[in-house]
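Quick notes on the structure that follows.
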Amino acid sequence: MIEKKNPWQILASNDIYSNPWISLTEHQVINPGGGKGIYGQVHFKNLAIGIIVLDDENYTWLVGQHRFPLDQYSWEIPEGGGLHGTDPLDSAKRELLEETGMTASSWVEIQRMHLSNSVSDELAIIYLARDLSFGVSQPEETELLEVKKIHFEEAYQMVVSGEITDSMSVAAILKLKILLMEGTKI
């Protein structure tokens, strides 16, 4: 693939907002068509980490919680943040334990993706976790979680029907469906 030259020119940048998780910058730009304008960019200070869990009978576990920005309940794969500079797999193992009480002895990275590349630089890394052991969850104080075990095909149907809308969950479930349909050894 040929790398293209950046057609955007930044004239000035102003940091608008920052907290421990995100920062917002407003850029004064000349756009690809030559016009002046502004562009808002959200920088995520952590990686987005997702884990799709699968047992030998093709059951998976979803996590349900009320999502503040949407003001609605959401079913998702276990997911959370990972510090830049930390091994993302270590973050995935921590998140799986926190949210479900599970540990896994088999881990495979199945997807890297940018979650909303028109406004943010957030990178997501999604793992498949297998060979499971069960313990007690340790959710953070901001998490009131419900964990449910369902057959993977039911999770896939929840994506198809629009019941699961979280982008990392949709991507993970669809990617795993493709891998399973292709007979890929995972």
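The values are calculated or read from the model by the stated rules, or taken from the named source; none is laboratory data. The model shown is predicted, which means the values in this text are computed figures rather than measured ones. A quick note on method: Cβ atoms are made from the backbone with ideal geometry, for glycine too, and the neighbour counts reach across all protein chains shown.
Yes or no: the range 83-92 includes at least one residue that is outside any helix (DSSP H, G or I) and surrounded by 12 or more Cβ atoms within 10 Å (Cβ to Cβ).
First pass over the range 83-92, keeping only residues outside any helix (DSSP H, G or I): 83-87.
So of that shortlist, the ones also surrounded by 12 or more Cβ atoms within 10 Å (Cβ to Cβ) come out as 83, 86.
Yes, some residue in the range 83-92 is outside any helix (DSSP H, G or I) and surrounded by 12 or more Cβ atoms within 10 Å (Cβ to Cβ).
If you go through the range 1-36 and pick out every residue that is touching a Leu at 6+ places or on another chain (Cβ under 6 Å) and more than 20 Å from S116 (Cα to Cα), you end up with 1. The selection criterion, being surrounded by 14 or more Cβ atoms within 10 Å (Cβ to Cβ) and β-branched (V, I, T), does not hold for I178. The residue that is farthest from the chain's Cα centre (by Cα), counting only those in the range 8-57 that are surrounded by 15 or more Cβ atoms within 10 Å (Cβ to Cβ) and outside any strand (DSSP E or B), is D55.
Among residues of the range 99-124 that are surrounded by fewer than 16 Cβ atoms within 10 Å (Cβ to Cβ), those with a Cβ under 8 angstrom from a residue that is of a type in the set (D, E), sequence gap 6+ or separate chain, pair up as S105/D131; S106/D131; H114/D121; H114/E122; S116/E122. No other residue among R94, R112 is at pLDDT 95 or above, under 30 Å from Y39 (Cα atoms) and either among the aliphatic types (A, V, I, L, M) or out of contact with any Pro (no Cβ under 9 Å at 6 or more places or on another chain) (or both) apart from R112.
Would you be able to say whether some residue in the range 126-136 is in a loop (DSSP other than H, G, I, E, B) and in contact (Cβ under 8 Å) with a residue 60 or more places away in the chain? Show your work before the answer.
Applying the first criterion (in a loop (DSSP other than H, G, I, E, B)) to the range 126-136 yields 135-136.
Subsequent filtering for residues that are in contact (Cβ under 8 Å) with a residue 60 or more places away in the chain retains none.
Checking the range 126-136: not a single residue is in a loop (DSSP other than H, G, I, E, B) and in contact (Cβ under 8 Å) with a residue 60 or more places away in the chain.
In this entry, V29 is excluded by the filter for residues that are among the β-branched types (V, I, T), in contact (Cβ under 8 Å) with a residue 60 or more places away in the chain and out of contact with any Pro (no Cβ under 9 Å at 6 or more places or on another chain).
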